[in-house]
Amino acid sequence: MCGIVGVIGSREAAPLLLEGLRQLEYRGYDSSGLATINTQEDSSCGHLTCKRVKGKLGNLNALVEKEGSPGHLGIGHTRWATHGKPEECNAHPHRDVSGEVAVVQNGIIENHRSLRQALEKEGVEFSSETDTEVVPHLIARELKLLSKDGRQASGAMLLEAMHRVSPNLRGSYAIALIWAQTPDALVVAKRQAPLVIGLGEGEFLCASDTPALAGFTRTILPMEDGEIALLTPLGIELYDEKYKRQKRSPALLSGVEHVVDKRNFRHFMLKEIHEQSETAELWIARHLPTGLPLELPVALPFQDSFYEGIDQIQILACGTSRHAGLVGAYLLEQFAGIPTTVFYASEFRYAPPPLAPNTLTIGVTQSGETADTLAALAMEDARRQTCNDLKFISRQLGITNRPESSLSRQVSNILDIGAGLEIGVVATKTFLGQLLAFYGLTLAFAARHKRRSYEEINTLSDELKALPNQLREIIKQHDAISESLAHKFSETQDVIFLGRGINYPIALEGALKLKEISYIHAEGYPAGEMKHGPIALLDTKVPVISIAMPGVVFDKVLSNAQEAKARDAELIGIAPIGSETEIFDTLFPMPKVSEWISPLLSVIPMQLLSYHIAAHRGLDVDQPRNLAKSVTVE
Ligand code: M6R
């Protein structure tokens, strides 16, 4: 949620900030801004320029191009509104009353109300509705106190002001701040929101995420919670919460794709849907290489001991990642025989179930930054750590597309889904990657716990190997069908998605995708549940999309579809061609694969149909309203 970037060095800051923000726009895009400090020839003090705009980053580019924003030091921000509407006055950077201190922040200052009231009592006038604005005012107050003590304006003084203010801020934040009186100092602070420092040639940078740094440097220093740092043209000083100097070696950005390129596709989302055959190919090469023994046809990502003594699994996640978790739970229970429960991370945080023994907790998050998922995992870890009984020992696994994220610093066992950078705000190829991670775990647990015969395990593994070609074919075919169907949805206001068993989560995912990018109201139901209420909604204006893949519930789903047809609903089927599936008005033909692997294919028409409906409506598919790629607030 929100992206921040900062730079200090020998080059003009504004173009670097704008480029960094472009890479962070997926984190929020309702307004943006930057502030730079230009050194003045006749004084050691600088001049602070601040530019802010409502709307997409293009507006900020235009403003900076027109009016300029000089200086070699600067901070920038792209916003996803939490406190206050997306208006220019609420856009970052926020400044103190003198206009000399400027701050950008990502996260939420939870106690901002009481801080604001106290500052207002002291006579401070606020100019925005944001939680962030308390920070520059608090910093300015500390700077005043420090100068009264005889301190000269310096980077060290600005750092100390941040150190004094930090304990008063509750909540999560990544902050970058500059002060006109110190044109050679950029101060940053981090608590429960991502912030990475970049060490470039002749410049130092900071950003909420690595893609904003990748164009400038591959040498990075991820900050830890509670740390603050001073960046000057000469180097970095890093301090922990207790203000003790820290020495840590920088790391190198891994060689994963960091380039934002749409190739020939109209939108990133469409490109990313098409990339899924490649995602599957890469996953198979890594996890199901040829030559593995029959008794274990999957390359285990963890040591044997990881799988031992696990009697149950709990999965914590949000949104699409939770849907992947639901498919995972079906596989782990029904194929590998391990009782598995899935929780909304945001619910689990405040109402966890009683502690169960010998439990593996899995956090699923493509971004690795989702605040609810991280907090739920931390809370679960903490309550297990305080238990003396070995049965309740904490064992956690994180499934993510961002191995350098906060999740990886929090959880020791990480499964990198390796789907490559996903720019479209809605998850497509990362969902497929998460599903594949669960297939790998299912094979591993089934083999390790000996719950399935070698034959069954090898059959599932062989079916997965056929996936890339099947994906390639149906993506091509369903892309064309979806495009020709999209116009039928121009007036549609509600859509119902039905699925059963392992495909019920895919119905949920189909409904979520459609809501997110087309703004059409959609709900996913277990097909058998429709007659218990939702059927009342059906008429000619409410299309029903039904997933009917061969397997134990095939006939049942078809009967449920018939019930919808009898109420005049337009019926769209995700099913194999055959006499039974002639009931559908439109059919997305599916290969006759085993039910186990069917979700990996049935999700494709869900993604493509949503995409084409939204694109046909002329909507901003890659940056839908009100959403952000990583939800770093509670
Ligand atoms: O980064 P995460 O996977 O933890 O994100 C969780 C949800 O915010 C995310 O899946 C959201 O539902 C997406 N917009 C789905 O397209």
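Things to note:
- q = 0.06, 0.07 Å⁻¹, the chain: log10 I(q)/I(0) [Debye, one scatterer per Cα]: -0.35, -0.48
- Evaluated with a Cβ-only charge set (Lys, Arg +1; Asp, Glu -1), region 458-580 carries a dipole of roughly 80 debye about its Cα centre, given to the nearest 20.
- Take every DSSP beta bridge whose two residues both sit in the chain; close to 65 percent of them are antiparallel.
- Translational D in µm²/s for region 1-142 (Stokes-Einstein at 10 °C, 1.306 mPa s, Kirkwood Rh from C-alpha pairs): 105 µm²/s
- Value at 222 nm in deg cm²/dmol, rounded to 500, when DSSP H runs of n ≥ 4 in the chain each add -39,500 (n - 2.57): -11000 deg cm²/dmol
- Hull volume per residue, based on the alpha-carbon atoms of region 476-634 and their convex hull, is 123 Å³.
- Apportionment of accessible area to carbon and sulfur, the chain, percent (1.4 Å): 49 percent
- Computed over the chain: relative contact order in percent, which uses C-alpha pairs under 8 Å that are six or more apart: 12 percent
- Across region 22-38, rounded Karplus estimates of 3J(HN,Hα) from the backbone phi angles (6.51 cos²θ - 1.76 cosθ + 1.60, θ = phi - 60°) give 4, 6, 9, 4, 5, 7, x, 7, 8, 6, 7, x, 8, 9, 10, 10, 9 Hz, Gly and Pro being marked x.
- Heavy-atom surface of the chain, accessible at 1.4 Å and reported per residue (Å²): 39 Å²
- Here, region 3-252 is characterised by an Rg to Rh ratio of 0.93, where Rg is the alpha-carbon radius of gyration and Rh the Kirkwood radius.
- Region 269-465: C-alpha gyration tensor shape, a/c 1.5 cut-off, then a/b vs b/c: oblate
- Taken about its Cα centre, region 3-252 carries a charge dipole of about 460 debye when Lys and Arg each add +1 at the Cβ and Asp and Glu each add -1 at the Cβ.
- Semi-axes of the equivalent ellipsoid for region 544-634, computed as √(5λ) from the eigenvalues of its C-alpha gyration tensor and ordered from largest down, come to 29, 17, 13 Å.
- Site-free segments of the chain were taken between chymotrypsin sites (Phe, Trp or Tyr not before Pro) in DSSP loops having at most 12 other Cβ atoms within 10 Å, sites themselves excluded; the longest one is 351-634.
- When you filter the trypsin sites (Lys or Arg not before Pro) in region 157-230 for DSSP loop state and at most 14 other Cβ atoms inside 10 Å of their Cβ, you are left with R170.
- Helix 454-465 axis, angle to the chain major axis (alpha carbon atoms, nearest 10°): 60 degrees
- Protection proxy ranking, peptides 228-238, 413-423, average beta carbon neighbours within 10 Å, highest first: 413-423, 228-238
- Here region 560-609 and region 306-337 have alpha carbon centers that stand 26 Å from each other.
The values are calculated or read from the model by the stated rules, or taken from the named source; none is laboratory data. Everything quoted here is computed from the prediction, not taken from an experiment. Cβ sites come from the backbone with ideal geometry, for glycine too, and all protein chains shown count toward neighbours. In case anyone asks, the SASA skips ligands and DNA or RNA and just uses the protein heavy atoms, side chains included. Shrake-Rupley method; radii C 1.70, N 1.55, O 1.52, S 1.80 Å.
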